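Since the structure comes first, as structure tokens, the remarks are kept for the end.
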Amino acid sequence: MTHRHAIIFTGGDAPHERAHRTVSAITAATSDTIIIAADSGWEHAVTSGRMPDILVGDMDSISETHLAQAHASHTDVIAHDPDKDETDTEIALATAIDNGATHITVMAGGGDRPDHVFAMLHSLAADRYSPALIDGHLGASRFHVCHAHHPVDIHTQPGDTVSLLPVGGDAVVSADNLKWPLVHETLNARASRGVSNVATGRVDIAVHDGTLIAFTTPTQINTTGEPQ
């Protein structure tokens, strides 16, 4: 089976420096990588040294200069009507699936639009994208989308903060190498029990029912936002 890795750069704030290092690692290790920019995510992709293969969205936040650069390049520019039912990130996710991605990594900076962040996190868990392994960066945190019956190995260091947040409903989960291990525990989607656990090693997560997003944050972040 061919494995294709898609990297999506969203709009909003620039991705954290840790995200740029992840992009470099992916492109160095994977021969078949596709770069997708969602609207003003174009600038973040180019800043990271990657020319997008595809630019999607309603083009309401990308600058005229960057849009002209996209049209002048070899990038496939796919503009959408602003009166649409999907966010630009959702369009980028669907584009990745349509282009055969089996692994999707989303680079998002976070920013001052919590509604966009909330919508993005819920959309990542949608069944339509489940054929692909989905992970990414949100600010200084790394995240992994974990579906039922697909074990996930999280690359954590002792002391890292690990939060397991169910989306779309409750999730039944087991997770080891945590200060407070979970064994077939039900995490309620309307409660915060899975927040701020602590890794004691490399965390393995098994979701028995439902879907959750696992967030990992380095044990220490200094004032410049760099992991220690």
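The values are calculated or read from the model by the stated rules, or taken from the named source; none is laboratory data. These numbers come from a predicted model, not from an experiment. Note: ideal-geometry Cβ built from the backbone for every residue, glycine included; neighbour counts use all protein chains shown. The accessibility values were calculated without ligands, DNA or RNA, using every heavy atom of the protein model including side chains. Shrake-Rupley method; radii C 1.70, N 1.55, O 1.52, S 1.80 Å.
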Where the accessible area of the chain is counted over protein heavy atoms with a 1.4 Å probe, how much of it, in %, is carbon and sulfur?
50
For residue 160, distant residues with modelled amide H under 5 Å away
199, 219
Output row, site residue 208, 7 Å Cα→C-beta label point, backbone N cut-off 18 Å, window segment 134-163, residues 146-152
Find the Rg to Rh ratio for segment 3-84, where Rh is the Kirkwood radius over alpha-carbon pairs and Rg uses the same atoms.
0.97
For residue 71 and residue 148, calculate 0.36 nm times their separation in residues minus their Cα-Cα distance, and state this gained length in nm to one decimal.
23.6 nm
Skip the ligands, DNA and RNA, and give the accessible area per residue of the chain with a 1.4 Å probe, whole Å².
49
Report ³J(HN,Hα) in whole Hz for each residue of segment 3-14, in order, from the Karplus equation J = 6.51 cos²θ - 1.76 cosθ + 1.60 where θ = phi - 60°; Gly and Pro get x.
10, 10, 9, 9, 10, 10, 9, 8, x, x, 4, 5
Debye sum, Cα scatterers, the chain, no solvent: what log₁₀ I/I(0) at q = 0.16 1/Å?
-1.13
Residue by residue, what Karplus-based ³J(HN,Hα) values in Hz, rounded to whole numbers, does segment 173-188 have, using 6.51, -1.76 and 1.60 with θ = phi - 60° and x for Gly and Pro?
9, 10, 8, 10, 6, 10, 4, 10, x, 10, 10, 6, 8, 8, 9, 7
Cα-based Rg (one decimal) and Dmax (whole number) for segment 146-222, in Å?
11.5, 37
Can you pull out the trypsin sites (Lys or Arg not before Pro) in segment 1-85 whose DSSP state is coil and whose Cβ has at most 15 other Cβ atoms within 10 Å?
84
In sequence order, calculated HN-Hα J values of segment 138-146 (Karplus, 6.51, -1.76, 1.60; Hz; x Gly/Pro)
10, x, 7, 9, 9, 9, 9, 8, 10
